[in-house]
Amino acid sequence: MRKRYFSEKVAEWYEGHRRDLPWRKSNDPYRIWLSEIILQQTRVSQGLPYYLKFIEAFPTVNHLAAAPEQKVLRLWQGLGYYTRARNLHACAKEVVKSHEGIFPPTFEALKKLPRIGDYTAAAIASIAFKEPVAVVDGNVFRVLARIFGIDKAINNPEGKKYFTTLANELIDESHPDIHNQAVMEFGALHCVPKNPACGVCIFQSTCFAFQNQLQGTLPYKIAGKAARSRYFHYFVFRKGRSILMQKREQKDIWNGLYDFYLVEKNKQFQPRKLIEQDELLSNLDIDLKALETSTVYKHVLTHQVIQATFTQIVTPNDQMLKTDSLKFFTLKQVADLPKPVLISRFLADEQLL
């Protein structure tokens with residue numbers, strides 16, 4: 001297939017099928033950058049409301065840079081991968097500090113910003129500044145692997161380098177913004193992972209995967225490690241209309257978010273046994289017969305599966321305040337705290353939010 005043919009065909013398809021998305025109505029690098037960060041590992045339908053909330057709260061990179069981290073994390077709540085939110089905030093501060101609130105206009109300069117990699121730099125450079133550098137994401141991997149019959153793994157360095165080289169050879173240097181968005185959109189809407197629309201595909205006659213019935217095989221990916229299971233036993237101390245919570249500071253999931261007193265084990269345990277074994281809990285005057293424990297909440301992350309239970313304890317005193325990390329918050333304050341989705345689910349089920 002001629003490389004120019006590929007670009008022309010996919011751009012033609014894009015003009016007739018592209019979604020009406022707000023960040024496509026502007027060449028503002030801030031809005032393009034924000035949309036790309038939000039949509040990493042997130043579907044457009046899920047990410048769009050967050051994009052709109054962020055633009056309303058932080059209309060410019062200067063507003064985002066000046067915001068307190070807790071507000072950024074609170075707005076991000078529900079998207080997961082909270083490192084993205086902290087990276088977003090850090091990058092905004094650097095753009096304001098070192099570039100006077102103006103994103104640098106080239107791929108190489110953008111990559112020097114904190115937490116901006118090749119993918120995001122290519123998206124900003126090509127769409128905002130029309131630099132002919134290819135965006136390579138999961139959708140692009142899939143489209144190129146199927147159409148050109150590439151059997152290299154997309155999740156190892158050799159494979160990524162091969163795909164990146166090909167993508168840059170294919171790009172339309174006159175309209176790199178249209179080309180990149182077209183290929184990504186084609187993968188997102190047409191050449192989808194399961195049940196691609198091959199019967200009405202513009203590349204049907206030249207697609208290697210279609211001609212060889214390999215749509216379910218390509219792109220090729222080396223199998224990763226199985227997700228590990230973690231067992232979280234939460235103890236929810238309540239005093240009137242207040243709840244005891246802590247900010248997670250350790251190098252682990254949900255850093256900077258708030259949850260309850262946690263006992264983690266390698267399997268499920270009865271709360272009574274955990275209380276007897278735990279140094280802090282065993283010193284408290286807890287009525288073991290009055291314990292209320294939830295059903296198991298399952299929460300799936302990329303490489304982890306969390307199975308959590310919540311045991312509620314009503315306390316008439318301030319014993320738990322003796323620890324530095326735990327503090328009572330009113331229900332109104334709890335609503336404003338950045339929390340993992342798992343915690344929000346429990347609070348909503350208990351009608352505490």
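We did not get these values from a lab; they are worked out from the coordinates using the rules stated. Every value quoted in this text rests on a predicted model; they were computed, and no experiment measured them. Note that we place each Cβ from the backbone using ideal geometry, even for glycine, and neighbour counts take in every protein chain shown.
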Next on the checklist: Being free of Cβ contacts under 8 Å to residues at least 40 places away in the same chain, crowded, with 18+ Cβ neighbours inside 10 Å and either touching a Gly at 6+ places or on another chain (Cβ under 8 Å) or closer than 19 Å to GLN41 by Cβ (or both) is the filter here; which residues of region 117-158 pass it?
Outcome noted: ALA121, VAL136
Checklist entry - Among the residues of region 5-19, which ones are among the small types (Gly, Ala, Ser) and touching a residue at least 24 places away in the same chain (Cβ under 8 Å)? => result SER7, ALA11
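What number of residues within region 244-267 satisfy the criterion of being assigned to a loop (DSSP other than H, G, I, E, B) and surrounded by 13 or more Cβ atoms within 10 Å (Cβ to Cβ)?
Number of matching residues: 7.
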Checklist entry - In region 147-161, how many residues are under 26 Å from the mean Cα position of the chain (by Cα) and assigned to a helix (DSSP H, G or I)? => result 5
